[in-house]
Amino acid sequence: MNKPGDTVILSGNEALARGAYEAGVKVASAYPGTPSTEILENLCRYEGVYTEWAPNEKVALEVALGACFAGVRALATMKHVGLNVAADPLFTAAYTGVRGGLVVIVADDPDMHSSQNEQDSRNYALAAKVPMLEPADAAEAREFVHIAYQLSEEFDTPVLLRTETRMSHVKGIVTLGEQTASPVKPGIEKMPGKFVMLPGNARMRRVELGKRMERLKEYAETFAGTTVEWGDLKRGFITSGVTSLYVKEAFPDASVLKLGMVYPLPEKLVRNFAEKVGELIIIEELDPFIETQVKAMGIQCKGKELIPSSGELNATIVRSSVTGEKGKAVFEPVQIPMRPPNLCPGCPHRGIFYAISKLGAFVTGDIGCYTLAALRPLSAMDTCVCMGAGIGNAHGMSKALGSEALGKVIAVIGDSTFFHSGITGLINIVFNRGNSTIVILDNRTTGMTGHQPHPSTGRTITGDQTVSIDIEALCRAIGVSRVRVVDPHNSEACLKVLKEEIEMPEPSVIIAKAPCVLIPEMKKRKDKKRYTTVVERCTGCRFCLRIGCPAIEWVPLTPEEATKLGYKEKQKGFSQINVTLCNGCGQCAPLCKFGAIKSDGGGDDAVR
Amino acid sequence: MQSGNILLAGVGGQGILLASEILSSALLRAGFDVKQSEVHGMAQRGGSVVSHVRFGKKVYSPLIELGTADIMVSFELLEALRYLPYFRKGSTVIVNTQKILPAPVATGMEVYPPDAIEQLQSRDLAVHAIDAFGIAASVGEQRAVNMVLVGALSKLLPVEEKIFMEIIEGRIPEKIRKVNIEAFIKGRERMQ
């Protein structure tokens, strides 16, 4: 283990975790979500911190808030869309304030590398009336977590700490610090006027909140992470976070006011900076958050008329937006095949989605690896909105269209997503006499974010054994009488069940249960089969390509090559299984009517 | 070379992130400021993966600008072409000649460019084509492609070989350490 004073390379997320450990955080709760996931995954390795994966971000924040009520330093982490889920407790936590420090780390994803939208979480600071810090790199991330806890306790407020993909997933040099302790004494202390937000109490707290914001504005003027660098005075930039690094790269000699605290703004500092520079330009990613506030101060500045308000920025965009100067690229891009993400070879989702694609139904989808089934060749998903939305969407469509929709709409949702936000949607269907069919894709893990355990895996974040919540029993307890379990690898059997259930005039749940091939238990299994192709038997019908397995490769042939290999002259090519990629699910074998796909019978060294 | 922009690209699962980590750690130990940027999650599922490593006295932006990559290490042949706009005239390109078919090619909808290597060589670039997969297989570990390429890259950097060795020893589990070091050495020799 590294010790204080060591200089190491850490990602932003690793540095945030280190900062939380150093700041003496005792309880941390989160739901995984790119780009925030690794904060908890790293924090859980430190001694003396209780960490957990919660079923969703609202629960995570409520847990952290409870821990802070008990007088310890607490943390909740989430991606930007997770803060929408956790917004309810956040807005009222701003009223109750804290006992132990409470920090909420929220990770934005400009350019949507792994998200369904690119909302700007800074707006939550303004709307919920809580201060927000924004570090630019890993070194600042560690430092800002310390400051955030001091701030939280000193001003009796939750503190938002905003990160984004290029902070969380960028590695940089960090010097580790010592552990510090909170001056707050843990224990039970009843403070009804502060913690019971009945209207009478809440009105009083609202007044406090106003006063707190005034004091925080004063504090922002002296915040250690906000810096002014004087350079060329003709032009001055106000910026923050990672964007400040792009500004430094593009304009090394410029005057820069870099805000470490993006809400509330240090008005005097901004005015002073604006007066000293000729032209004032606000450079920020996504929304004109700083710009709008600076303009509201009556200060003239430029911002979004120059800088794009969607997507990621970088030094080239910053430079060319301000000066009109073109980028330095000398080589034009060439037209080559794209390499889109894909379901893995052996993925259980592929089998059931192949069956779903044959239903010809409208598929209300959800968030997870399985959203990739929307892509060709499966093309088996018609909506993707947010966690849990597929279930509500299916019910809404069926209520809108009545009997016309029966047998034509089906919802799919992952197991972790079902625990996150699907259960309430299912209750709604049962309660309101719906008739939707819900497919729960139970792959025994949270796949897309890197295999975190969830309430049905029987393991906690630290790998300790726990109760495995039975999805089938849960659905029955909710009142669904038609619950069926299928093997997603067996498309034919899945299709039969799907056809039966989708026609039923009552709610039904199909649990497609098979583990993700990438979880350690599956990787280590000894009886793993592999499939190979007897290429002489392939007729080039391309039927096996319809499931889009990355391990099945099409080898195109010219008529001469076809004849030479003993095929008919008009055969355009043949399919071949790449044995090093095959994970042995066997979904492809029944698709071949010519017996060209064979199993090796299993065992470690059967093929190779 | 006292500062540089190194782009590492390939396909999810090829060990690009580990290679970048070893590279960054070696540069840190050699006394440079370093920033390394990569993307996780959806972007990784068998898709194209790219990692930016920048080093120097002081590094600000974590991202390499188009037209400014000094060195590119491509873990797969086609990926070298994908990131062409990042190169400047004379950029060094270490390219693994291994082909991993992208989904549109594997399903027969598109064709893998047969002249990928020629397309690279016809431009004003210093191209080093290496059969890293073959070399990794020859030392008995197909998955050590990343170490072969780190070895080749190490030859071009102002970092002592000893530093790379120490980092790899500290980072790779004992069970597979020996083959990985062998792969690194073979890769390094390939650039002599």
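The values are calculated or read from the model by the stated rules, or taken from the named source; none is laboratory data. In this text, all values refer to a predicted model and were calculated from it rather than measured experimentally. Cβ placement follows ideal geometry from the backbone for every residue including glycine, while neighbour counts extend to all protein chains displayed.
Can you confirm whether region A:568-582 contains a residue that is of a type in the set (Ser, Thr, Tyr), part of a strand (DSSP E or B), in contact with a helix residue (DSSP H, G or I) (Cβ under 6 Å, 6 or more places away or on another chain) and closer than 23 Å to A:Phe353 by Cα? First the steps, then the outcome.
Of the residues in region A:568-582, the ones of a type in the set (Ser, Thr, Tyr) are A:575, A:580.
Of the ones still in play, those that are also part of a strand (DSSP E or B) are A:575.
Keeping just the survivors that are in contact with a helix residue (DSSP H, G or I) (Cβ under 6 Å, 6 or more places away or on another chain) gives A:575.
Remaining after also requiring closer than 23 Å to A:Phe353 by Cα: A:575.
For region A:568-582, residues of a type in the set (Ser, Thr, Tyr), part of a strand (DSSP E or B), in contact with a helix residue (DSSP H, G or I) (Cβ under 6 Å, 6 or more places away or on another chain) and closer than 23 Å to A:Phe353 by Cα: present.
Consider region A:230-245. How many of its residues are farther than 22 Å from A:Lys295 by Cβ and either part of a loop (DSSP other than H, G, I, E, B) or more than 12 Å from chain B (Cβ to nearest Cβ) (or both)?
Start the filter on region A:230-245 by keeping residues that are farther than 22 Å from A:Lys295 by Cβ, which leaves A:230-232, A:242, A:245.
If we keep only those that are either part of a loop (DSSP other than H, G, I, E, B) or more than 12 Å from chain B (Cβ to nearest Cβ) (or both) too, we end up with A:230-232.
Count: 3.
Just need a number here: residues in region A:449-497 that are among the β-branched types (Val, Ile, Thr), in contact with a helix residue (DSSP H, G or I) (Cβ under 6 Å, 6 or more places away or on another chain) and assigned to a helix (DSSP H, G or I).
Qualifying residue count for the region: 1.
Considering every residue within region A:26-39, establish whether at least one is more than 22 Å from the chain's Cα centre (by Cα) and either surrounded by 24 or more Cβ atoms within 10 Å (Cβ to Cβ) or modelled with pLDDT of 95 or more (or both).
yes
Taking A:Ala94 as the residue in question, decide whether it is out of contact with any strand residue (DSSP E or B) (no Cβ under 9 Å at 6 or more places or on another chain) and either within 14 Å of another protein chain (Cβ to nearest Cβ) or modelled with pLDDT of 95 or more (or both).
yes
Mind checking whether some residue in region A:367-382 is surrounded by fewer than 19 Cβ atoms within 10 Å (Cβ to Cβ) and away from every other protein chain (no Cβ under 14 Å)?
Yes: one or more hits.
Restricting to region A:1-57, give me the number of residues that are away from every other protein chain (no Cβ under 14 Å), touching a His at 6+ places or on another chain (Cβ under 8 Å) and more than 20 Å from A:Thr445 (Cβ to Cβ).
So the answer is 3.
Six or more apart or on different chains, Cβ atoms under 8 Å: show the pairs whose first residue is in region A:302-325 and within 21 Å of A:Ala274 (Cβ to Cβ) and touching a residue at least 12 places away in the same chain (Cβ under 8 Å) and whose second is aromatic (Phe, Trp, Tyr) and assigned to a helix (DSSP H, G or I).
As it stands, the answer is A:Val318/A:Tyr246, since those pairs meet every condition given.
Suppose we keep only residues that are crowded, with 21+ Cβ neighbours inside 10 Å and not aliphatic (A, V, I, L, M) within region A:42-55. Which one would you say is nearest to A:Val184 (Cα to Cα)?
Residues of region A:42-55 that are crowded, with 21+ Cβ neighbours inside 10 Å, as a first pass: A:43, A:51, A:53-54.
Subset that is not aliphatic (A, V, I, L, M): A:51, A:53.
Working: A:Thr51: 20, A:Trp53: 26 Å.
The extreme case among them is A:Thr51.
Among the residues of region A:109-130, is any assigned to a strand (DSSP E or B), in the same structural domain as A:Val207 (by TED's automatic domain parsing) and touching a residue at least 40 places away in the same chain (Cβ under 8 Å)? Full working, then the answer.
From region A:109-130, those assigned to a strand (DSSP E or B) are none; that's our starting set.
There is no residue in region A:109-130 that is assigned to a strand (DSSP E or B), in the same structural domain as A:Val207 (by TED's automatic domain parsing) and touching a residue at least 40 places away in the same chain (Cβ under 8 Å).
Can you tell me which condition B:Lys58 does not meet? The list is (1) over 19 Å from B:Ala152 (Cβ atoms); (2) touching a strand residue (DSSP E or B) at 6+ places or on another chain (Cβ under 6 Å); (3) facing chain A (nearest Cβ under 9 Å); (4) part of a loop (DSSP other than H, G, I, E, B), and all the others hold.
(3)
Only one of A:Gly463, A:Gly540 is loosely packed, with under 15 Cβ neighbours inside 10 Å and out of contact with any Pro (no Cβ under 7 Å at 6 or more places or on another chain); which?
Going through A:Gly463, A:Gly540 in turn, the sole match is A:Gly463.
Any chance region A:425-444 includes a residue that's over 30 Å from A:Pro505 (Cβ atoms), touching a residue at least 12 places away in the same chain (Cβ under 8 Å) and among the hydroxyl-bearing types (Ser, Thr, Tyr)?
Taking every residue of region A:425-444 in turn, none turns out to be over 30 Å from A:Pro505 (Cβ atoms), touching a residue at least 12 places away in the same chain (Cβ under 8 Å) and among the hydroxyl-bearing types (Ser, Thr, Tyr).
List, please: which pairs have Cβ atoms under 8 Å, are six or more places apart or on different chains, and start with a residue in region A:362-384 that is in the same structural domain as A:Thr34 (by TED's automatic domain parsing) and end with one that is of a type in the set (Lys, Arg) and buried (at least 24 other Cβ atoms within 10 Å of the Cβ)?
none
Go through the residues of region A:137-151 one by one and say whether even a single one is touching a Gly at 6+ places or on another chain (Cβ under 6 Å), assigned to a loop (DSSP other than H, G, I, E, B), modelled with pLDDT under 95 and within 14 Å of chain B (Cβ to nearest Cβ).
no
Scan B:Ser25, B:Ser3, B:Ser20 and give me the residue that is at the interface with chain A (Cβ under 10 Å from one of its Cβ atoms) and either surrounded by fewer than 23 Cβ atoms within 10 Å (Cβ to Cβ) or in contact with a helix residue (DSSP H, G or I) (Cβ under 6 Å, 6 or more places away or on another chain) (or both).
Answer to the check: B:Ser25.
Name the pairs: first residue in region B:107-131 and within 11 Å of chain A (Cβ to nearest Cβ) and farther than 14 Å from A:Val334 by Cα, second residue among the charged types (D, E, K, R) and loosely packed, with under 14 Cβ neighbours inside 10 Å, Cβ to Cβ under 7 Å, at least 6 apart or on different chains?
Between residues of region B:107-131 that are within 11 Å of chain A (Cβ to nearest Cβ) and farther than 14 Å from A:Val334 by Cα and residues that are among the charged types (D, E, K, R) and loosely packed, with under 14 Cβ neighbours inside 10 Å, the close pairs are B:Asp124/B:Lys89.
Please tell me if A:Thr417 is among the polar types (S, T, N, Q), outside any loop (DSSP other than H, G, I, E, B) and within 14 Å of chain B (Cβ to nearest Cβ). So that I can check it myself, show each step before the final result.
Working: among the polar types (S, T, N, Q): yes; outside any loop (DSSP other than H, G, I, E, B): yes; within 14 Å of chain B (Cβ to nearest Cβ): no.
No, not satisfied.
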